Every structure is written in C-alpha cells, then in structure tokens.
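The values are calculated or read from the model by the stated rules, or taken from the named source; none is laboratory data. None of these values were measured; they are calculated from a predicted model. Cβ sites come from the backbone with ideal geometry, for glycine too, and all protein chains shown count toward neighbours. Calculation scope for accessible area: heavy atoms of the full protein, side chains included, ligands and nucleic acids excluded. Shrake-Rupley method; radii C 1.70, N 1.55, O 1.52, S 1.80 Å.
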Amino acid sequence: MLLSRSKPAAGPATVEEKEKKKKKLPKLEDFISVRDYTGAATLLEFERANNKSSIELAMWAAYCHFHLGDYKKAMAEYKTLSETKGAPPEVWVFLGCCMFFLGMYKEAEAASAKGPKSSKLQNRLLFHLSHKFNDEKKLMSFHKNLQDIVEDQLSLASIHYLRSHYQEAIDIYKRVLLENSSNGGSKKDFLALNVYVALCYYKLDYYDVSQEVLAVYLQHFPDSTVAINLKACNHFRLYNGKAAEAELKNLSDLCSPSFKFAADLIKHNLVVFRGGESALQVLPPLIDVIPEARLNLVIYYLRQEDIQEAYNLFKDISPTTPQEYILKGVVNASLGQEQGLNDHIKIAQQYFQLVGGSASECDTIPGRQCMASCYFLLKQFEDVLIYLNSIKSYFYNEDPFNYNCGQAKAATGNYKEAEEIFLMIQSEKLKSDYVYLGWLARCYIMNRKPRLAWELYLKQETSSESFSLLQLIANDCYKMGQFYYSAKAFDVLERLDPNPEYWEGKRGACIGLFQQIIAGHEPRETLREVLAILRNTGNAQVEYIIRIMKKWAKDNRVTVS
C-alpha cells in the first residue's frame with residue numbers, strides 16, 4: 001500500500017537546488033510580463049507592508065488594480081498620489097481613466113483637465129467622454145487630434161463600435177493587424193483584436209463568422225472571460241440557450257472572485273439564456289453595471305405582459321442604438337394597443353420607420369422587421385407582406401412571425417395561405433388568443449369551412465371574447481351565404497342577449513337557408529333544425545314564417561315533426 005512506504009520516493013533537496021530556488025524568487029517584472037496582476041499586486045502589498053513604500057510602488061499598485069478591473073482601489077491609489085509631492089502629472093489622467101470606468105464622467109473630465117495638455121492618453125479619454133456627453137463638436141475636435149498610432153486608431157475603432165458603425169471598426173482592426181504583420185511584428189502582440197473583430201461580426205448578426213474569428217484567439221487563451229462569453233452568446237444565437245449555458249459553465253468555473261465584472265456578466269447572461277429565469281432577482285442591481293441589463297429587464301416585463309412596468313423602466317431613456325429604438329417602439333406599440341392610446345402607436349411607428357429606413361439597418365433582418373411593423377401599425381398590409389416575405393426563410397417555424405404574417409395575409413384577402421400559416425403555430429398561448437381565433441375562424445369561413453369555425457367557438461368557455469367570436473361567425477357566415485352556421489350563431493346570440501338585431505340576423509339566415517333547401521343546395525332534413533331555431537324566439541313573425549315552411553314541407557313530403 002502507498003500508505004506504508006519503507007523509504008522516501010525522493011531524497012532531500014541538494015544545496016544546489018536550494019540555491020536555484022533562492023535565485024528564482026519572483027520579481028514584479030515577471031508578474032507584469034505574463035499579465036499576472038493578482039500576483040503583482042500581492043508582491044507590491046508585501047513590499048509596501050515592509051516599509052518599502054514609494055511613489056513608484058504606488059503607481060504600480062494602482063496599475064495592477066486597474067488591470068484587475070478594481071477601479072475603486074486604483075482610483076484611491078491615484079487620488080493619494082495626486083496629493084503626494086513629486087508624483088508625475090500623468091497621475092491626473094490615470095485618475096480620470098479610473099473615474100471613466102466607474103461612470104463618473106464629469107469627475108473624469110475635471111481630473112483629466114489637470115493633466116499635461118500634450119498627453120495622447122488625455123486626448124483619447126476626452127474623446128470618449130465627448131461621446132458619453134453626446135457633444136459632437138468636442139468629439140470632432142478631439143478626433144482631429146488623433147494620430148496614426150495604434151492606441152489612437154484602436155480608440156477610434158471603439159467609438160465606431162459604440163456608435164454602431166461596426167464595419168468601420170472592423171476595417172480599422174484589420175488594418176492594424178495587417179500593418180503589424182507586414183512590419184515584422186508578432187501576431188500574438190495584437191491577438192486580442194480578433195476578439196474585437198468577432199464582437200463586431202456578432203453585432204452585424206454574422207454569428208458563424210464571429211465564431212471563426214474568435215477561435216483564433218481562443219486557441220492561445222482558452223480561459224479568456226470575454227472570449228468565452230462571446231462564444232456563449234454566438235451559441236445562443238446559432239443554437240439555443242442550453243448550448244450557450246454549457247459554454248458559460250466553463251467561464252463560471254474559471255472566474256476569480258476578484259473579477260467582479262465577469263461574475264455580473266455571467267449572472268446577466270444566464271438569465272437571458274434561461275429565458276428570463278430569476279430576472280427580477282438578478283437584473284435590477286445590474287442596470288447601472290451592464291448596459292443590456294435594463295433592455296433585458298424591459299423584455300422580461302413585456303413577456304410577462306406587464307406593459308406599464310416595461311414602459312416606466314424605459315420612458316426616460318433616450319435611445320442611441322438600433323436595439324434601443326426597436327425596444328422603445330415595441331413598448332410604445334404594446335402600451336398603445338393595450339390602452340387604446342393612438343399617440344403611443346404613432347411614436348412606435350416613427351421609431352420603427354427610423355430604424356428600418358436607416359442606411360445601416362435597412363438591409364438587416366431587424367431593419368426589415370421594423371418596416372413591416374411600421375406598415376402593420378399603419379394597416380398597409382400589402383407593404384407589410386413585401387418585407388415579411390423577404391425574411392420568411394429565416395423564421396419558418398417562428399410562431400410570432402407566422403402569427404403576424406397570417407394576419408397580414410388574411411387582411412389582404414389571401415385566406416387560403418393565411419389559414420395554412422395560422423395552423424403552423426404551435427404556441428398554446430397564441431392559439432388561445434382571441435385575435436388568433438378570430439382570424440382563423442374568418443379564414444375557415446372564407447375558405448368555405450364554416451363547420452371548423454363553429455367548432456372553434458364550441459371549444460371556448462363563456463366569456464366576452466367567445467361572445468365576440470360568435471358575432472364574427474354569425475356575420476361572416478351570413479356574408480358568405482353559409483346560412484346554416486349563421487343561423488346557429490345568431491340563435492345563440494339572441495338567447496344570450498335579446499337584441500332585435502340578432503333576431504333580424506337569425507330571421508334572414510333561416511330564410512336564406514330555407515331558399516338553399518328549396519334549391520337543393522342543402523339537405524331537406526336541415527329544415528327540421530331551422531324550425532327548432534325559429535321556435536327559440538317569441539317574436540310574432542315566427543309563426544307566419546314557420547307556417548310557410550311547414551306548408552312547403554307538406555307539399556314536398558318532407559318530415560319536420
């Protein structure tokens with residue numbers, strides 16, 4: 001047994017080996033060169049605790065905290081340094097960078113202004129702050145100061161990305177990669193740019209291309225938080241939430257407690273991948289941490305049909321990206337339709353038109369969906385179908401798409417195709433919706449299948465919606481000359497609500513059905529049911545109509561009693 005060794009597996013270390021170990025004590029440069037900022041911070045903490053504190057060590061400590069994403073600690077270090085005599089003036093710019101990442105934009109601008117005016121980093125920081133403040137004039141001013149150096153070009157690419165100019169960002173990243181390669185540089189030096197390129201392709205909906213580009217980086221750094229998260233997001237778009245969650249499990253295993261942002265990112269994305277599970281517990285605290293958290297919480301409220309809460313969460317937000325404009329449109333359209341507010345419907349239509357008509361979105365799938373939605377709200381269904389038909393190959397089995405497409409087809413009179421599309425829908429929630437039932441019943445009637453429309457009604461419980469469905473069947477069947485089911489529907493309506501209009505409808509349907517029996521278009525046996533339906537009414541006209549029908553039945557030897 002291994003527990004009962006009689007002699008050691010290895011002898012004591014030699015003097016030479018001990019000397020080697022002493023020589024290999026880590027230095028700060030060793031940690032920094034391999035980007036082990038946790039190790040570097042620990043070493044610095046040890047050295048400073050042993051009365052070796054200096055401006056240089058404090059600068060390195062702040063640098064390590066910044067690269068670990070602990071911007072509060074880095075900010076505290078730089079604040080102390082800014083008050084220390086002999087500290088370099090660049091400290092103010094570094095302090096501004098920390099404040100920027102903490103969302104303290106005004107403070108970042110004030111701190112940066114105290115730094116050296118010739119600083120390229122200061123110009124890049126102010127460039128980004130101008131974007132945050134939506135100050136186009138200042139943005140262009142700092143843009144002019146950017147030089148053809150890698151740092152400035154990457155800063156420009158990031159602004160392009162933030163402004164949804166993804167192709168422009170890709171062009172810059174690819175040019176930097178190409179120039180670095182042609183100048184004899186190591187491809188590994190700029191390997192992370194592949195992640196940025198992949199992220200841009202993800203935003204352009206090229207998920208498979210994004211995966212290919214991302215794989216280049218993951219081969220070298222398989223434990224990258226950002227890269228694995230992006231891979232999971234690609235899987236979510238290409239496959240499903242379970243595939244994405246499997247990728248995120250690897251990320252959660254790798255995530256260190258010190259890297260708070262990664263933990264927040266994982267929690268946020270798991271909510272999305274799981275279809276909104278635990279949304280109310282996870283998303284509210286992340287609204288000011290992860291930009292998408294607010295959007296996904298709004299989506300959650302919409303799916304729960306809590307339209308007012310979705311509107312309240314989003315009403316004070318000015319949209320800046322296509323996704324925000326689209327969501328703003330959806331929220332306003334939902335609220336307008338739910339509460340009958342035309343102003344909100346007009347606002348929604350404008351948002352959809354803005355996205356669908358923009359040069360960057362007009363040929364994308366969301367852009368065409370927006371134009372379809374815009375025309376849907378305007379009730380221009382011919383135009384709706386132009387846009388829906390152009391993207392239907394991407395949504396063949398999508399219930400919401402088929403639901404909208406079916407309505408548009410029916411609204412343009414193409415009831416045969418509309419019926420086929422409605423019957424493809426699998427969602428029980430949609431199939432129990434009155435709008436769905438009403439359109440499907442109308443399609444059945446227009447396609448001369450009134451019995452199926454009547455069966456739809458029979459499956460419904462008594463409610464205001466079933467009453468409305470009954471009215472639709474009664475009137476549509478009457479228009480189409482399907483008097484048997486029209487008479488049955490008007491009969492039930494009259495018994496539920498003794499409105500004279502229902503009697504008139506029933507009388508007309510019964511007489512129309514009688515004519516069809518005489519003409520041989522309906523079985524003679526049906527006359528017995530017609531008489532039973534008429535007897536359910538106490539109107540004085542009933543006896544006269546029944547007498548005429550009975551006389552015809554007697555003359556033509558039709559048994560009605």
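The largest accessible area among GLU212, GLU361 belongs to the first residue in GLU212, GLU361, and the rest follow in falling order (1.4 Å probe, all chains). In this entry, the chain is assigned a mean projected area of 43.0 nm², taken as a quarter of its C-alpha convex hull surface. Ordered from highest to lowest accessible area with the whole protein assembly present and a 1.4 Å probe, ASP264, ASP36, ASP148 read as ASP148, ASP36, ASP264.
Quick one: Debye curve from the C-alpha atoms of segment 346-503, no solvent, what's log10 I(q)/I(0) at q = 0.11, 0.14, 0.17 Å⁻¹? Each listed q maps to, in turn, -0.51, -0.75, -0.97. Placing a label point 7 Å from the Cα of SER464 along the Cα-to-Cβ direction, the residues of segment 486-503 with a backbone N closer than 20 Å are 493-499.
Here segment 469-510 is described by how far its Cα atoms reach on the three principal axes: 24, 20, 12 Å, from widest to narrowest.
Measuring from a point 7 Å past the Cα of ALA49 along Cα-to-C-beta, which residues in segment 70-87 have an amide N at less than 19 Å? Those under the cut-off are 73-74, 77. If one takes the longest principal axis of the Cα atoms in the chain, at what angle in degrees, from 0 to 90 and to the nearest 10, does the Cα axis of helix 322-339 lie? For helix 322-339, the angle is close to 30 degrees. Enter the Cα centre distance for the pair segment 336-391 and segment 201-224, rounded to the nearest angstrom. About 32 Å separates the Cα centre of segment 336-391 from the one of segment 201-224. Carbon and sulfur atoms: what percent of the 1.4 Å accessible area of segment 209-358 do they account for? Answer for segment 209-358 is 51 percent, counting heavy atoms of protein chains only. Placing +1 on each Lys and Arg Cβ and -1 on each Asp and Glu Cβ, with no other charges, gives segment 82-195 a dipole about its Cα centre of roughly 100 debye. Between the beta carbons of ASN539 and ARG163, assuming R0 = 60 Å, the FRET efficiency works out to 0.25 to the nearest 0.05. Expressed per residue, the C-alpha convex hull volume of segment 518-561 stands at 72 Å³. Extension gain for the segment LEU452 to THR38, taken as residue separation times 0.36 nm less the Cα-Cα distance, is 142.1 nm to one decimal. Relative to the longest principal axis of the Cα atoms of the chain, the long axis of helix 225-238 lies at roughly 20 degrees.
Go through LYS431/LYS459; LYS73/LYS203; LYS267/LYS429; LYS120/LYS144 and tell me which ones have a Cα-Cα distance over 21 Å in this structure.
From LYS431/LYS459; LYS73/LYS203; LYS267/LYS429; LYS120/LYS144, over 21 Å: LYS73/LYS203; LYS267/LYS429.
A straight chain from ALA532 to ALA243 at 0.36 nm per residue would run longer than the Cα-Cα distance by 97.9 nm. Taking all protein chains together and rolling a 1.4 Å probe, TYR207 ends up with roughly 40 Å² accessible. Calculated on C-alpha atoms, the gyration radius of segment 299-421 divided by its Kirkwood radius gives an Rg/Rh of 0.97. Computing FRET efficiency as 1/(1 + (r/R0)^6) for LYS550 and MET424, where r is the C-beta to C-beta distance and R0 is 56 Å, gives about 0.70.
Normalised by 2.2 N^0.38 Å, where N counts its residues, the alpha-carbon radius of gyration of segment 212-356 equals 1.19. Against the chain, whose longest principal axis is taken from its Cα atoms, helix 166-182 shows a tilt of about 30°.
Only protein heavy atoms count here; on that basis, with a 1.4 Å probe, LEU458 has an accessible area of about 110 Å². Based on the convex hull around the alpha carbon atoms, segment 38-92 presents an average projected area of 3.5 nm².
Residue separation of GLU504 and ALA113 scaled by 0.36 nm, minus their Cα-Cα distance, works out to 132.5 nm of gained length.
Across all directions, the average projected area of the convex hull around the alpha carbons of segment 161-247 is 5.7 nm². Extending 7 Å from the Cα toward the beta-carbon at both ARG557 and GLU417 defines two label points whose distance is 5.2 nm.
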